[in-house]
Amino acid sequence: MSVVGAFFGSRSVEHEVSVITAHQAMAALSPQHRAIPVYIAKDGRWYTGKALTELRRFADVDALLADCVPVSPIIDPTTPSLTLAPVLPARRGVFGRGASDGVVIDVAMPLLHGRFGEEGTIQGLFEMASIPYTGSGVTASAVAMDKRLAKTVLRGAGLPVLDDVAIERQRWRDDPEAALRAAEALAPYPLYVKPVTLGSSIGVSRAADAGALRDAVEVALTYDERCLIEAAQEGIVEINCAVLGDGADARTSVLEQPTKTGLLSYDDKYRSKSGESAGMKSTQRLIPAPLDDALAARIRAAALASFVAVGASGVARVDLMVDVEAQTFVVNEVNPIPGSLSFYLFEPAGLSFTALLDELLAIAGRRHARRQQTTEVFDRWMLAGGGAKTDG
Ligand SMILES: Nc1ncnc2c1ncn2[C@@H]1O[C@H](COP(=O)(O)OP(=O)(O)O)[C@@H](O)[C@H]1O
Ligand SMILES: [Mg+2]
């Protein structure tokens with residue numbers, strides 16, 4: 001029985017989406033594992049406690065957190081471990097029988113979307129703690145979540161991506177006219193504007209003219225230090241393909257086609273008609289996407305190549321924009337921790353969410369074992385015996 005730390009929430013605009021992903025995953029986790037919820041609140045404080053496993057309790061977060069234990073991660077540099085230690089003296093028994101000084105996590109499962117979780121930060125903590133964790137490593141997470149870097153890597157791997165112009169906040173403040181001219185030189189209107197490192201369509205807009213472009217850049221730059229501008233792809237369909245595995249040893253899911261045309265908003269993606277939030281599964285979508293086999297095969301090959309190019313691991317979802325008539329497509333982005341871990345794209349091929357999680361944990365274990373084999377410390381002290389040279 002391994003103790004799986006289910007990390008969710010965090011200081012991210014995609015906080016609520018993460019709460020849903022985590023609840024779906026904790027509910028699906030096989031009874032061979034014990035899930036410990038680790039909730040990172042919007043203010044960055046960490047909590048654990050059984051109440052966090054009940055989704056309905058999130059309707060009143062203050063009341064929920066009053067029933068939880070504030071914890072802090074403790075790393076012991078001499079042994080691979082991550083302990084959740086109570087910030088205040090804990091009530092007896094909150095961590096289970098006999099354990100009053102914290103709970104030790106065997107494997108970390110980041111179920112976080114967006115900043116402070118999907119882009120390599122918490123993965124760095126798990127690396128420092130030397131514990132296995134599911135999903136992509138530090139570099140792949142960081143590259144995938146930076147839309148500009150990701151495109152550079154994908155382009156380098158020969159994958160089709162859109163050209164863009166990036167605008168930095170300071171440059172925008174200093175000389176908006178020059179920034180607008182640079183954007184307008186890219187392509188005729190309409191243009192798309194998006195923050196470089198967000199997700200869930202937050203801060204993304206379509207601009208049909210210069211006035212709208214100005215507003216769109218203002219909005220995007222409130223969410224991020226940089227935004228990027230692309231030519232709007234009109235008359236395309238969006239197709240998503242999840243990939244599961246480790247590096248080149250990976251396989252693709254069925255394809256999904258979100259059915260709403262135009263910009264998919266946060267609400268389109270995550271809220272059902274009744275206004276109730278139910279996660280990615282409730283979104284309007286066609287699964288499998290109604291594409292002919294040859295085009296679908298090319299898209300799946302591109303998704304797999306994108307996963308490999310950014311160095312992803314575990315499950316990632318590659319989103320593409322497809323011109324069905326011309327039979328062409330561009331890769332839009334790679335999501336290293338997709339909503340609901342894309343379980344609904346593997347289920348049609350017979351892989352249950354429980355089996356998907358088992359596979360993610362198995363991959364995490366294999367990657368961890370590989371890392372442990374890598375020589376991390378040189379025993380010989382170069383500085384010993386006065387042998388140090390100062391000329392490099
Ligand atoms: N260049 C584009 N042309 C047309 N639609 C776009 C373009 N870029 C983004 N979109 C639309 O905006 C949505 C969100 O943009 P995306 O790049 O996927 O960012 P996010 O990381 O927020 O999901 C996409 O799902 C798509 O509907
Ligand atoms: Mg997207």
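With contacts taken as Cα pairs under 8 Å and at least 6 residues apart, region 2-133 reaches a relative contact order of 29 percent.
Against the chain, whose longest principal axis comes from its Cα atoms, helix 353-373 is set at around 70 degrees. Relative to the current alpha-carbon distance between VAL61 and LYS42, full extension at 0.36 nm per residue lengthens the span by 5.8 nm. Compared with the dominant principal axis of the Cα atoms in the chain, helix 210-223 is inclined by about 0°. Within the chain, what is the number of lysine pairs with alpha carbons under 14 Å apart, leaving out pairs fewer than eight places apart on the same chain? Going through the chain pair by pair, I get 6. With N counted as the residues of region 2-133, its alpha-carbon radius of gyration over 2.2 N^0.38 Å works out to 0.98. Taking one quarter of the surface of the C-alpha convex hull of the chain gives a mean projected area of 24.3 nm². FRET efficiency for the pair SER201 and SER2, taken as 1/(1 + (r/R0)^6) with r the Cβ-Cβ distance and R0 = 41 Å, rounds to 0.70. Loop-located trypsin sites (Lys or Arg not before Pro) in region 190-246 (DSSP state other than H, G, I, E, B) with a sparse environment of at most 13 neighbouring Cβ atoms within 10 Å are absent.
Suppose R0 equals 22 Å; then what is the FRET efficiency for ARG155 and ALA301 from their Cβ-Cβ distance, rounded to the nearest 0.05?
According to the calculation, E is roughly 0.85.
A simple spin-label model places pseudo-atoms 7 Å from Cα toward Cβ; at LYS260 and THR222 they are separated by 2.0 nm. Only DSSP H runs of four or more residues enter the estimate; each adds -39500 (n - 2.57), and after division by the residues of the chain the mean residue ellipticity at 222 nm equals -9500 deg cm²/dmol. Measuring nothing but how far apart in sequence close Cα pairs (under 8 Å, 6+ apart) lie, relative to its length, the chain scores a relative contact order of 16 percent. Residues VAL331, VAL19, VAL318, VAL138 in ascending order of nearby Cβ atoms (within 10 Å, fewest first): VAL138, VAL19, VAL331, VAL318.
Each value in this text was obtained by applying a stated rule to the coordinates, not by laboratory testing. As the structure is a computational prediction, the values presented were derived from the model and not from experiment. Neighbour counts are summed over all protein chains in view; Cβ atoms, including those assigned to glycine, are modelled from backbone coordinates with ideal geometry.
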